[in-house]
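*Asks:* Input: one structure, supplied below.
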Amino acid sequence: MSEITAIRGMNDILPSDTACWQFLERTIAAVVDSYGYAEIRLPVVEKTALFKRSIGEVTDIVEKEMYTFDDRNGDSMTLRPEGTAGCVRAVIQQGLLNTPQRLWYTGPMFRYERPQKGRQRQFHQTGVESFGVATPDMDAELILLCATLWRQLGLLDAMELQLNSIGSADARKAFRAALVEFLQERVDALDEDSQRRLHTNPLRILDSKNPQTQAVLDDGPSLEDYLDEEAKADFARLCELLQAAGVKYTVNRRLVRGLDYYNKTVFEWVTGKLGAQGTVCAGGRYDGLVAQLGGKATPAIGCAMGMERLVLLLMEQGAAVTAPVVDAYVVAVGGDAQCLALAATEGLRLQLPRLRIVQHTGGGSFKSQMKRADKSGARVALIWGEDEVAAQTVTVKSLRANDGERAAQVTVALEDLETTLCAALAH
Ligand code: ATP
Ligand code: MG
């Protein structure tokens, strides 16, 4: 029969990589916790209308990247392409907006994109969102949280923070008109994507990676000149706060982000170490989104980091994330030995829950079980054979050469197993 394989762009994360993932997930959970953020868990599927209304009809995501289908009832559903929309939907629906909220979530997201390094169709994001605070100290906190996380992960030196303010919706509207007017006269010099975007999402043209398009933009209107006073003041204050905290940043006046809901502060953490997929974390303010989705007007800011890209970066940096070692491998030859070993091992797991103890399963000779013990990488073998059963003892054998000759192997009474094992592992 032919083999059924995974869907393109939806990857297995193999045991050899999960230690790195777990290190990343643990570190994130600890850092967001230390800033007082609470975890929220959200559905993977939402009504399609939620994403259309929040992300925007003419964005790349909604136009061509969503996994949308009708359920058996004929209702249109979408696998979430990002987390903010669902999070906003939840805080409105669950009545969480009476006080400021600091929330985070993590999980799979889905976008129909061309798979490549750092770009999948099922990928994972961790998002951090704050609701109810409009002042730039909140923006600074979110950015500082990211910086702390990069430091804890050993990635801070690999990251550059790019920062911009895109102002109010009105400011963007005025800028957009000026930009379109300017670019329409130079449309032939633009790359194909940008020509298309001129009529759908012209601000995205600022994001174009095409050098010729960027050169055209050099003489064009600058978003900075269209910012309202409040956005200007907030941005200046954010910069001041970041400087006071010692966070380095680059102001990138062409940073606009691909989703419609942002206003004022937008930022990206970028690395030069992942090729074209260099943006590791992106976010910004979205003060209008809660009202746009039917909630009472509530300022908000958030960001999302791409977990695959962070894992790639950790591996690239040679982060010392190793799979946990097996502490003890339990060898038991014969039916009676198996009974004794099973009970003793369960006792050890209760007393020493942090140890990794692997019980041999599947029977076999002493020799074949010891071979497996060696292969498991265990530091110590706990052995029950005929002699041990008769004498109610257990043999504790060191399997690593560098564990020294001294305690290479001892046979002790069952009640001394715990201390003998601890001593053997302490070498
Ligand atoms: P890009 O420009 O790389 O497509 P984006 O602007 O679409 O990114 P966001 O929607 O802001 O990305 O998502 C935040 C982060 O999630 C990105 O910076 C990236 O790290 C990660 N991300 C987004 N799409 C993917 C994907 N298809 N595969 C892996 N990670 C992704
Ligand atoms: Mg994208």
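The values are calculated or read from the model by the stated rules, or taken from the named source; none is laboratory data. Keep in mind it's a predicted model, so treat the numbers as computed, not measured. Cβ placement follows ideal geometry from the backbone for every residue including glycine, while neighbour counts extend to all protein chains displayed. These area figures cover heavy atoms from the full protein model, side chains too; ligands, DNA and RNA do not enter into them. Shrake-Rupley method; radii C 1.70, N 1.55, O 1.52, S 1.80 Å.
*Asks:* Mind checking which residues of the stretch 115-145 are of a type in the set (D, E, K, R) and within 9 Å of ligand 1 (Cβ to nearest atom)?
*Replies:* Scanning the stretch 115-145 gives Arg119, Arg121.
*Asks:* Can you pull out the residues in the stretch 292-347 that are open to solvent by 50 Å² or more (accessible area, probe 1.4 Å), of a type in the set (A, V, I, L, M, F, W, C) and under 30 Å from Gln94 (Cα atoms)?
*Replies:* Of everything in the stretch 292-347, just one residue is open to solvent by 50 Å² or more (accessible area, probe 1.4 Å), of a type in the set (A, V, I, L, M, F, W, C) and under 30 Å from Gln94 (Cα atoms), namely Ala297.
*Asks:* Turning to a different aspect of this structure: Would it be correct to say that Val380 is touching a Ser or Thr at 6+ places or on another chain (Cβ under 9 Å) and surrounded by fewer than 19 Cβ atoms within 10 Å (Cβ to Cβ)?
*Replies:* Numbers: touching a Ser or Thr at 6+ places or on another chain (Cβ under 9 Å): yes; surrounded by fewer than 19 Cβ atoms within 10 Å (Cβ to Cβ): no.
Taking the combined requirement at face value, the residue does not satisfy it.
*Asks:* For the stretch 234-265, what are the residues that are within 28 Å of Thr200 (Cβ to Cβ), open to solvent by 40 Å² or more (accessible area, probe 1.4 Å) and more than 16 Å from ligand 1 (Cβ to nearest atom)? Quick ask: steps written out before the conclusion?
*Replies:* Our first condition is that a residue be within 28 Å of Thr200 (Cβ to Cβ); within the stretch 234-265, this holds for 235, 251-265.
Right, trim to open to solvent by 40 Å² or more (accessible area, probe 1.4 Å) and you get 251-254, 257, 260.
Matches in the stretch 234-265: Val251, Arg253.
*Asks:* Of all residues in the stretch 211-248, which are under 27 Å from Val290 (Cβ atoms) and assigned to a loop (DSSP other than H, G, I, E, B)?
*Replies:* Result: Leu227, Asp228.
*Asks:* Could I ask something else about it? Answer yes or no as to whether Glu181 is touching a Cys at 6+ places or on another chain (Cβ under 6 Å) and either in contact (Cβ under 8 Å) with a residue 60 or more places away in the chain or not polar (S, T, N, Q) (or both). Walk me through how you get there before you give the answer.
*Replies:* Numbers: touching a Cys at 6+ places or on another chain (Cβ under 6 Å): no; either in contact (Cβ under 8 Å) with a residue 60 or more places away in the chain or not polar (S, T, N, Q) (or both): yes.
The answer is no for Glu181.
*Asks:* OK, next. From Thr265, Thr213, grab the single residue that is modelled with pLDDT of 95 or more and of a type in the set (S, T, N, Q).
*Replies:* Thr265
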